[in-house]
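Report on one structure; see the data block that follows.
The values are calculated or read from the model by the stated rules, or taken from the named source; none is laboratory data. Just so it is clear, the model here is predicted, and its values are computed rather than measured. Note that each Cβ is placed from the backbone with ideal geometry, even for glycine, and that neighbours are counted across all protein chains shown. These area figures cover heavy atoms from the full protein model, side chains too; ligands, DNA and RNA do not enter into them. Shrake-Rupley method; radii C 1.70, N 1.55, O 1.52, S 1.80 Å.
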Amino acid sequence: MEFSEKVSALSVKVQNQREMTQTEEAAKNAFVMPFIATVLGYDVFDPSEVVPEFTADVGVKKGEKVDYAIMRDNEVKMLIECKKTSGQLTVENASQLYRYFSVVNARIAVLTNGVEYQFYTDLESPNRMDSKPFMVLDLGDLDESLLPELRKLTKASFDLESVIDAAEKLKYIGAIKRTLAEQFQEPEDEWVKFFAGRVYDGAFTKRAREQFTPLVQEAATAFLEDQVNGRLKKALETTRPQTEDLEAVSGEEAAEESLKRDDGIETTLEELEGYQVVKAIACSEVKPQRIAHRDSKSYFAILLDDNNRKPIARLRFNAKTRKYLGTFDADKNETRHLLDSIDEIYLHAEEIRETVRNYLD
C-alpha cells in the first residue's frame, strides 16, 4: 500500500470510530499506535524503535512520563504525547513535552488526541519547544498537501533536516489557512472592514458593519463554490473519454454537456473524485493514459483501455443515501462494497490492482 493510501485508510478508520473512542488509552490503541506503526513505519513492539511511557528525570519532576519516544540510532528523535480523542489540544496539554524537549535530543514533538496531530520543533529558540505547531495534521479532515512533509518523518524516509528547513514556512502557511477558514465562517470586524473599504466609499459605521458582514460571508462562500466548479470543469475536460465527439465544443460547453447530457446522464463531482482515486491506485500497474471512464444511468464505469470488457471498478453513486464501489474478480464477477466516504476506496486498493493485473496476463 502506498504512503498516501495508508494515511487515507487510517483517516477513514478515525472518522468511523472516533465517536466510540472516549478514553486516552482507547485513542492510543485505536489511532496513535496504528499511526506510529502503519503511517510512520516504526515497530511499536521493538523498544529500540518505540519506547512507550518514556521516562527521563527533568529538574524537580522525577519519573514523569511521555507516552512514546521514537528512537533512531539509540537517540530520541521524536516525542509523542497523547490525550483523549474528545479533548481539545491546548498549550497546557503540552507541559510534559515542553519539559522533556530541553533534556533529550529530539527536535520533533507531537501532541495528539488520535485525530489531530500537532507537530512542534524549536524554531524560536534552540532546544526549547515552540509555543505553536509548525504542522497540524487532522485525520478527520485530511489535507493531502501535508503528506510530503509527513513522509519525511517516516522510518523509511527520515529526513529531519529537511523537515526543520521547511518548518517555518509550514508553520505560517498552516496558520494563515486556518485563519482564512475561520474568517470565511465567522468574519471579524477587521476582515469585514477590509473588504468593505474596497467596494464602499462611506464610513465604516455600525450600520455598514451590519450590512457588510453577511455580504462578506456570502461572497466568501460563493468564491469557494466558484473554485470548486472550476476544478470540476477542468477535471471533466481532462478525464472524459476521447471517443466523445466534443471537439467542436468550447471547454466550458463541453464541461456542461458532460455534467448533464441530453440522455439524462449526470456526472457528479463525487464520481470524478472517486475516478481519480481508482486511477491513482491502478497507476501502480499501468500508465495513467490507459485508465478511462464511461458514465451511465446506473453506474460510473472505470475501464482499462476504454474497453467495456476490461472493467476495473464501478462507482454506484446514484442512490440518494448509499454509495457502493464495485470491484471484479478474475471471472469479472462484481462485488459491491458500501462506502461511507470516497476515501474508503483506498481500503480496496489491492483488489483494484489485482483486477488490472488480471488483464495484463
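For the range 96-116, the condition of being over 20 Å from Leu137 (Cβ atoms), aromatic (Phe, Trp, Tyr) and either open to solvent by 10 Å² or more (accessible area, probe 1.4 Å) or touching a Phe, Trp or Tyr at 6+ places or on another chain (Cβ under 6 Å) (or both) holds for at least one residue. Of all the listed residues (Lys28, Lys65), the sole one being in contact with a strand residue (DSSP E or B) (Cβ under 6 Å, 6 or more places away or on another chain), basic (Lys, Arg) and either modelled with pLDDT of 90 or more or open to solvent by less than 20 Å² (accessible area, probe 1.4 Å) (or both) is Lys28.
Criterion first (open to solvent by 40 Å² or more (accessible area, probe 1.4 Å), closer than 23 Å to Leu338 by Cβ and in contact (Cβ under 8 Å) with a residue 60 or more places away in the chain) does Glu285 satisfy it? No, not satisfied. Tell me which strands (runs of 3 or more DSSP E) are completely within the range 305-345 and hold 2 or more residues being open to solvent by less than 80 Å² (accessible area, probe 1.4 Å), modelled with pLDDT of 90 or more and closer than 12 Å to Gly274 by Cα, or say none if there are none. Where strands (runs of 3 or more DSSP E) fall fully within the range 305-345 and carry at least 2 residues being open to solvent by less than 80 Å² (accessible area, probe 1.4 Å), modelled with pLDDT of 90 or more and closer than 12 Å to Gly274 by Cα, they are 311-316, 323-328.
Could you run through the range 75-103 and say how many residues are closer than 16 Å to Lys65 by Cβ, outside any helix (DSSP H, G or I) and of a type in the set (D, E, K, R)?
Counting residues in the range 75-103 that are closer than 16 Å to Lys65 by Cβ, outside any helix (DSSP H, G or I) and of a type in the set (D, E, K, R) gives 2.
Quick one: would you say Val44 is within 26 Å of Leu347 (Cβ to Cβ) and buried (at least 22 other Cβ atoms within 10 Å of the Cβ)? Criteria not met by Val44. Set side by side, the residues Ile80, Ile36, Ile70 differ, and just one is at pLDDT 85 or above, crowded, with 18+ Cβ neighbours inside 10 Å, more than 21 Å from the chain's Cα centre (by Cα) and closer than 30 Å to Ala280 by Cβ, which is Ile70.
Taking the criterion of being open to solvent by 30 Å² or more (accessible area, probe 1.4 Å), hydroxyl-bearing (Ser, Thr, Tyr) and more than 16 Å from Ile173 (Cβ to Cβ), the residues of the range 118-161 that qualify are Ser125, Ser131, Ser157.
Among the criteria (1) modelled with pLDDT under 90; (2) more than 14 Å from Thr112 (Cβ to Cβ); (3) more than 18 Å from the chain's Cα centre (by Cα), the one Glu49 does not fulfil is (1). Only one entry in Gln22, Gln15 is open to solvent by 70 Å² or more (accessible area, probe 1.4 Å) and part of a loop (DSSP other than H, G, I, E, B), namely Gln22. Take Arg353 and decide whether it is open to solvent by 70 Å² or more (accessible area, probe 1.4 Å), touching an Asp or Glu at 6+ places or on another chain (Cβ under 6 Å) and modelled with pLDDT of 85 or more. Considered against the rule, which asks whether it is open to solvent by 70 Å² or more (accessible area, probe 1.4 Å), touching an Asp or Glu at 6+ places or on another chain (Cβ under 6 Å) and modelled with pLDDT of 85 or more, Arg353 comes out as no.
Over 23 Å from the mean Cα position of the chain (by Cα), farther than 20 Å from Ile265 by Cβ and not in a loop (DSSP other than H, G, I, E, B): does that describe Arg294? Considered against the rule, which asks whether it is over 23 Å from the mean Cα position of the chain (by Cα), farther than 20 Å from Ile265 by Cβ and not in a loop (DSSP other than H, G, I, E, B), Arg294 comes out as no.
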